[in-house]
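Shown next, in structure tokens, is the structure this report addresses.
The values are calculated or read from the model by the stated rules, or taken from the named source; none is laboratory data. Quick caveat: nothing in here was measured; it's all calculated off a predicted structure. Ideal geometry is used to build each Cβ from the backbone, glycine not excepted, and the neighbour counts take in all protein chains shown. Please note that ligands, DNA and RNA were not included when accessible areas were found on the heavy atoms of the full protein model with its side chains. Shrake-Rupley method; radii C 1.70, N 1.55, O 1.52, S 1.80 Å.
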Amino acid sequence: MALKQISSNKCFGGLQKVFEHDSVELNCKMKFAIYLPPKAETGKCPALYWLSGLTCTEQNFISKSGYHQAASEHGLVVIAPDTSPRGCNIKGEDESWDFGTGAGFYVDATEDPWKTNYRMYSYVTEELPKLINANFPVDPQRMSIFGHSMGGHGALICALKNPGKYKSVSAFAPICNPVLCPWGKKAFSGYLGTDQNKWKAYDATHLVKSYPGSQLDILIDQGKDDQFLSDGQLLPDNFIAACTEKKVPVVFRLQEGYDHSYYFIATFITDHIRHHAKYLNA
């Protein structure tokens, strides 16, 4: 599969690159960002996938989070895909910020007209890792995932739906129980239809209830002054309760005074990189 390099910038001794490729799952051209730490010059490194939130592209994380120094020090290749297919000319894809373009919700759509392109779950868990493993110096056996908001939801469901695939998972302000929040209801009814049982297959709180207990250490940071927390979009308490009941280890940190922004992410990103490095470099 041909990769076209869009950009390359030296950063903390490594290279932050962006590539474009033709996606089979999404039936469109897709961009992804990849950071190759200095260690990647001499050997295979673990791969850490970042999933961004609503309205984001592959650019937000690489330009705002300040993750490069920690990734460089720990020798992690970090991959950040886009958040949805682009330019599919589907009627209504650009009408709202929380559905369609920039809002793929990391599900495989089953409804027309979305099901041909909106297959972000398969893209993130299957197509993209295969592409990365084939073209970059990564160890396919050492892979972890994290994300923010809609991407935090994505990271949690990818890990919970694939026991053993990811060594670790973490999230910033994830949408923990989408079947019960306005964002989730809107996205899931559009992509998955009206049968709410289908929705549960992409809901972290429901997935953890049937998780078979392969070792997974979950880290979640949540800003206490996050407007979307008070608006009932994120619902972390439901997820924590489900984890506690199933004895799935989760560290949940409510961070005083922080909001939903990349200022919050930048503050705690090094902790998250360290969390993943502990498992990826074990």
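Might you tell me the accessible area per residue for the chain, computed with a 1.4 Å probe and given in Å²?
Per-residue accessible area for the chain comes out at 40 Å².
Cross-linked pairs Lys4/Lys130; Lys161/Lys246; Lys44/Lys130; Lys31/Lys185; Lys10/Lys167: Cα-Cα separations exceed 19 Å for Lys31/Lys185; Lys10/Lys167. Take every DSSP beta bridge with both residues inside the chain and express the antiparallel ones as a percent of the total, to the nearest 5. Bridges in the chain that DSSP calls antiparallel: roughly 50 percent.
Using 0.36 nm times the number of residues separating Thr42 and Cys28, minus their current alpha carbon distance, what extension gain do you get?
My answer for the length gained is 1.7 nm.
Extension gain, Gln227 to Ala134, is 29.4 nm, computed as 0.36 nm per intervening residue step minus the present C-alpha separation. Counting 0.36 nm for each residue step from Leu3 to Gln59 and taking away their Cα separation leaves a gain of 18.4 nm.
How much of the calculated P(r) for the chain lies past 31 Å, in percent of all Cα pairs? Value for the chain: 20 percent of Cα pairs lie more than 31 Å apart. For region 4-94, the set of trypsin sites (Lys or Arg not before Pro) satisfying both a DSSP loop assignment and a count of at most 15 other C-beta atoms within 10 Å is given as Lys91. Note down the accessible area of Tyr279, probe 1.4 Å, to the nearest 10 Å². Taking all protein chains as shown, Tyr279 has close to 60 Å². For the chain, the share of accessible area belonging to carbon and sulfur comes to 49 percent (1.4 Å probe, ligands and nucleic acids excluded).
Helices in the chain, meaning DSSP H runs of at least 4 residues, each add -39500 (n - 2.57). Divided by all residues, the mean residue ellipticity at 222 nm is -8500 deg cm²/dmol.
A simple count of charges around Glu73, restricted to other residues whose Cβ falls under 11 Å of its Cβ and scoring Lys, Arg +1 and Asp, Glu -1, yields +2.
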